[in-house]
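Down below is the structure, laid out as structure tokens.
Read-outs: derived from the displayed coordinates by stated rules, not from any lab. Values in this document were obtained by computation on a predicted structure and should not be read as measured data. Don't worry about glycine lacking a Cβ; one is built from the backbone with ideal geometry, like all the others, and counts go over all protein chains shown.
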């Protein structure tokens, strides 16, 4: 929990935002968990997760080559995403 002074200051900022740009303030209030996840998950991350799940399925089916390919693909996607974040 934030100290009282910081909470007061944040409340002032929220009120100022609501006065300056009510539409943005409404949009920020309506942010849901799904909206948050959609903003945080990039296409690259989703493909990496899919490749990881595919690797586990291949492992259980005894498809070693496909599993290694899926793991390699997931690793490449995650590495590419990390490099992209570092460059931003």
Taking the Cα-to-Cβ direction at residue 57 and at residue 15 and moving 7 Å from each Cα, how far apart do the two end points lie in nm?
-> 5.4
Final fewest-first order of 71, 49 on the 10 Å Cβ neighbour count is 49, 71
